[in-house]
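See structure below.
The values are calculated or read from the model by the stated rules, or taken from the named source; none is laboratory data. Quick caveat: nothing in here was measured; it's all calculated off a predicted structure. Every residue, glycine among them, receives a Cβ derived from its backbone with ideal geometry; neighbour counts consider all protein chains shown. Areas reflect the complete protein model, heavy atoms only, side chains present, ligands, DNA and RNA absent. Shrake-Rupley method; radii C 1.70, N 1.55, O 1.52, S 1.80 Å.
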Amino acid sequence: MSEFAPRILSGIQPTGNLHLGNYLGAVKRFVPLQDEYPSLFCVVDLHAITAQLVQDDLAGQTRSIAAAYLAAGIDPKRAIIFNQSRVAGHTELAWIFNCVARIGWMNRMTQFKDKAGKDRENASLGLLAYPSLMAADILVYRATHVPVGEDQKQHLELTRDIAIKFNNDFSARIAGAGLGTPIRMGEETVQGYFPITEPLIGGPAARVMSLRDGTRKMSKSDPSDLSRINLTDDSETIAKKIRKAKTDPDALPSEIDGLTGRPEADNLVGIFAALAERSKQEVLAEYGGRQFSEFKPALVELAAEALGPVTGEMRRLIADPGHIDAVLRDGGERANEIAEATMRDVKTIVGMLQG
Ligand code: AMP
Ligand code: TRP
């Protein structure tokens, strides 16, 4: 337990269409958090250029993620919705974190290895440093909790490592400047400037899998469009994709244990549970013993009911870019106030001249 005031931050890259994994693993889970904690939801446009520098329509993609946040029910008056590049503190702090983090830490990141592929020498330096910018996104607001899908776990561990190393390396300066906050680390309490952020990963859809292969993550980069449900798909397309989703020949089990070794069944039950806001066990209590020929139509109906209003509202919002831009501008100003205060402290701690 730390003494830091709780604050939520999460981010999504404006690259490609949002899919059901992004929605159930991330966006939908943001909505109830805004009622409990001060929250910031960011569109990470600086991260978007790490894998591919020249993007067809970065501004349009940024608006479409912002539209998804709004359509899902995030209230821009309470939560702060903004795009990363508006707030200079992210890149300033990322530079300092580039000097805190070790190259070895970055080389171990599985997302880097996946995205860089075989020709690692030819990946951008930004792709290698990506997690350090992500740590800055979080820590420039001294966010204590970060809701994400399971694939981001390793990046959040790295964020914690960066916070711990910064707090340790500068502990005397932090105390000298009177900027320390007590942080409970196991048995002992230490003073630090950055919180040791907790990931919020969970629920039945922390890792939504491909509809074509239950062992692979649903992803924007899968060449098969049948593998994912996009938030831009109409209800007929969604129905077709669910009907064609890979399954096995057996009936659904009545207990969670019965999903072991049945990745496709597990995935569809998880999707059902997340859309219905129920647990997998509750879904199995109702559908255990039934065939996919019965379960799939129920899932089609549920998906249309749960996603229809969100996708419809997204389309309506995207048609009015002026409104989205105003939300992002206002959010950027509010985010900047917090980030600037952090950067003044950080520069004092590191020993940079100001004023
Ligand atoms: P990205 O599109 O990579 O910026 O991811 C945005 C958010 O969606 C992050 O919190 C991811 O962890 C989450 N996410 C991406 N893919 C999936 C998936 N297949 N299942 C659950 N969450 C996911
Ligand atoms: N790396 C995250 C992803 O690919 C996106 C991201 C960037 C993020 N900065 C963040 C998520 C800060 C949470 C908090 O999904």
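Structure notes:
- Top-ranked residue in the stretch 184-203 [being under 20 Å from the mean Cα position of the chain (by Cα) and modelled with pLDDT under 95; ranked as farthest from Leu275 (Cα to Cα)]: Gly202
- Hey, Ala163 assigned by TED's automatic domain parsing to the domain that holds Asp45, open to solvent by 20 Å² or more (accessible area, probe 1.4 Å), of a type in the set (A, V, I, L, M, F, W, C) and more than 16 Å from ligand 1 (Cβ to nearest atom) or not: no
- Looking at Arg243, Arg212, Arg207, just one residue is open to solvent by 30 Å² or more (accessible area, probe 1.4 Å) and under 19 Å from the mean Cα position of the chain (by Cα), and that residue is Arg207.
Condition check ((1) within 14 Å of ligand 2 (Cβ to nearest atom); (2) under 26 Å from Asp114 (Cβ atoms); (3) not in a helix (DSSP H, G or I)) across all residues:
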{"site": "Leu53", "(1), (2), (3)": "no, yes, yes"}
{"site": "Ala59", "(1), (2), (3)": "no, no, no"}
{"site": "Leu93", "(1), (2), (3)": "yes, yes, no"}
{"site": "Asn98", "(1), (2), (3)": "no, yes, no"}
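A quick yes/no check of all residues on (1) more than 25 Å from Phe41 (Cα to Cα); (2) touching a Ser or Thr at 6+ places or on another chain (Cβ under 7 Å); (3) not small (Gly, Ala, Ser):
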position	(1), (2), (3)
Phe82	no, no, yes
Trp95	no, no, yes
Ile103	yes, no, yes
Gln111	no, no, yes
Leu125	yes, no, yes
Ala135	no, yes, no
Ala143	no, yes, no
Asp151	no, no, yes
Ile164	no, no, yes
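- Meets criteria (within 11 Å of ligand 2 (Cβ to nearest atom), assigned by TED's automatic domain parsing to the domain that holds Val190 and over 20 Å from Ala129 (Cα atoms)) for Gly21: yes
- Output for the stretch 39-54, where each listed residue is surrounded by fewer than 17 Cβ atoms within 10 Å (Cβ to Cβ) and either within 14 Å of ligand 1 (Cβ to nearest atom) or within 12 Å of the chain's Cα centre (by Cα) (or both): Gln52
- Checked against (1) more than 25 Å from Leu139 (Cβ to Cβ); (2) surrounded by fewer than 23 Cβ atoms within 10 Å (Cβ to Cβ), Gly21 passes all but a single condition, namely (2).
- The lone criterion from (1) within 16 Å of ligand 1 (Cβ to nearest atom); (2) open to solvent by less than 20 Å² (accessible area, probe 1.4 Å); (3) of a type in the set (Gly, Ala, Ser) left unmet by Gly126 is number (2).
- Taken as a whole, the structure places Ala304 among residues that are within 27 Å of the chain's Cα centre (by Cα), part of a helix (DSSP H, G or I), closer than 26 Å to Pro14 by Cα and in contact (Cβ under 8 Å) with a residue 12 or more places away in the chain.
- Residue in the stretch 331-343 that is open to solvent by 60 Å² or more (accessible area, probe 1.4 Å), under 30 Å from Ala94 (Cβ atoms), touching a residue at least 60 places away in the same chain (Cβ under 8 Å) and touching a Lys or Arg at 6+ places or on another chain (Cβ under 9 Å) present: no
- Residues in the stretch 154-177 that are more than 11 Å from ligand 2 (Cβ to nearest atom) and not aliphatic (A, V, I, L, M): Glu157, Arg160, Asp161, Lys165, Phe166, Asn167, Asn168, Asp169, Phe170, Ser171, Arg173, Gly176.
- Considered as a group, the residues in the stretch 1-15 that are open to solvent by 30 Å² or more (accessible area, probe 1.4 Å) and farther than 21 Å from Trp95 by Cα include one that is farthest from ligand 1 (Cβ to nearest atom), and that residue is Glu3.
- Counting the residues of the stretch 61-74 that are in a helix (DSSP H, G or I) and of a type in the set (Val, Ile, Thr) gives 2.
- Note on the stretch 270-303: residues that are surrounded by fewer than 19 Cβ atoms within 10 Å (Cβ to Cβ) and closer than 16 Å to Lys244 by Cα amount to 8.
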